[in-house]
1. Does the stretch 186-195 include one or more residues that are surrounded by 14 or more Cβ atoms within 10 Å (Cβ to Cβ), modelled with pLDDT under 85 and among the aliphatic types (A, V, I, L, M)?
2. Determine whether the stretch 143-162 contains at least one residue that is free of Cβ contacts under 8 Å to residues at least 40 places away in the same chain, in a helix (DSSP H, G or I) and under 27 Å from G52 (Cα atoms).
3. Does the stretch 133-142 hold any residues that are free of Cβ contacts under 8 Å to residues at least 24 places away in the same chain and part of a loop (DSSP other than H, G, I, E, B), and which are they?
4. Take the stretch 135-163 and flag every residue that is surrounded by 16 or more Cβ atoms within 10 Å (Cβ to Cβ), farther than 14 Å from P28 by Cβ and under 17 Å from the mean Cα position of the chain (by Cα).
5. Kindly establish whether L202 is at pLDDT below 85 and within 30 Å of N53 (Cβ to Cβ).
6. List the residue pairs whose Cβ atoms are under 6 Å apart, where the first residue sits in the stretch 163-190 and is closer than 30 Å to V134 by Cβ, the second is in a strand (DSSP E or B) and among the basic types (K, R), and the two are 6 or more positions apart or on different chains.
7. Failed condition for V132, given (1) open to solvent by 70 Å² or more (accessible area, probe 1.4 Å); (2) among the hydrophobic types (A, V, I, L, M, F, W, C); (3) in contact with a Pro (Cβ under 7 Å, 6 or more places away or on another chain), with all others met?
8. Specify the residue that is nearest to the chain's Cα centre (by Cα); the eligible residues are those in the stretch 165-182 that are among the aliphatic types (A, V, I, L, M) and open to solvent by less than 40 Å² (accessible area, probe 1.4 Å).
Amino acid sequence: MKLIKHLIALATVTIATSAIAAAPGEAPDALVKRISADVIDTAKADKDIQAGNHKKVMDLVESKILPHVDFMRMTQLAAGRAWRDASPEQQKQLSNEFRTLLIFTYSGALSQIKNETVEFKPLRAAPEDKEVEVRSQVNVARGEPVTLNYRLAQTPAGWKIFDINVLGAWLVETYKGTFASEINKSGIDGLIKTLAERNKKLAAKPLAKPLK
């Protein structure tokens, strides 16, 4: 589970920093490849991040990741059919809580980046495609390379990530089962309450210690 969270964070960080010196018309895979090295090097070199400095890691997530992830779409996909039945206020609350949950996931994993490298596969997409899948693998110090893919959509604000595949499992699909179970049990409000309670517990805990 720690490795999966680690890779999710790595994937999101490498794409989410796409606003930095992004070249006009740059392909999404080229953009991710160009920036990922800089992000990984920064995480490796920053002693505060390596030590799990909560404020610094959270600030990095807030400034570099959040503006470039489509949390609303991620939440909509994870909620499935129940999203259409939710009121605008419920949709907003659910998206905010899901966003907060993922922030804690990214923040806790960011401090664990050590000696990983990323290799990208050729992009299988037409120039006019508005949604693409960027495929890669993460080479870890111990063990076999881990497949890590991303789904991105082109928006008026640029390319944004809306799903991640780690070890063959898409993040949205994984949460979809959890969301459906909670919604069937206690409705949208129950899911919002459950996520809010979980986020409160996570907020009270220190970031995970770096992996050895």
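1. No.
2. Checked against the condition, which is being free of Cβ contacts under 8 Å to residues at least 40 places away in the same chain, in a helix (DSSP H, G or I) and under 27 Å from G52 (Cα atoms), the stretch 143-162 yields no hits at all.
3. The one that is free of Cβ contacts under 8 Å to residues at least 24 places away in the same chain and part of a loop (DSSP other than H, G, I, E, B): R142.
4. Q137, V138, V146, L148 - these are the residues of the stretch 135-163 that are surrounded by 16 or more Cβ atoms within 10 Å (Cβ to Cβ), farther than 14 Å from P28 by Cβ and under 17 Å from the mean Cα position of the chain (by Cα).
5. Working: at pLDDT below 85: no; within 30 Å of N53 (Cβ to Cβ): yes.
Against the criterion (at pLDDT below 85 and within 30 Å of N53 (Cβ to Cβ)), L202 does not qualify.
6. D163/R151
7. Only one criterion is unmet by V132, namely (1).
8. At the first step, the residues of the stretch 165-182 found to be among the aliphatic types (A, V, I, L, M) are 166-167, 169, 171-172, 180.
From the residues that got through so far, the ones that are open to solvent by less than 40 Å² (accessible area, probe 1.4 Å) too are 166, 171-172.
On the way: V166: 11, L171: 8, V172: 10 Å.
Filtering first and then ranking leaves L171.
The values are calculated or read from the model by the stated rules, or taken from the named source; none is laboratory data. Quick caveat, the model's predicted, so the values are computed rather than measured. In this analysis, Cβ positions are derived from the backbone assuming ideal geometry, glycine residues included, and neighbour counts consider all displayed protein chains. We work out accessible area using only protein heavy atoms, side chains counted, and drop any ligands, DNA or RNA first. Shrake-Rupley method; radii C 1.70, N 1.55, O 1.52, S 1.80 Å.
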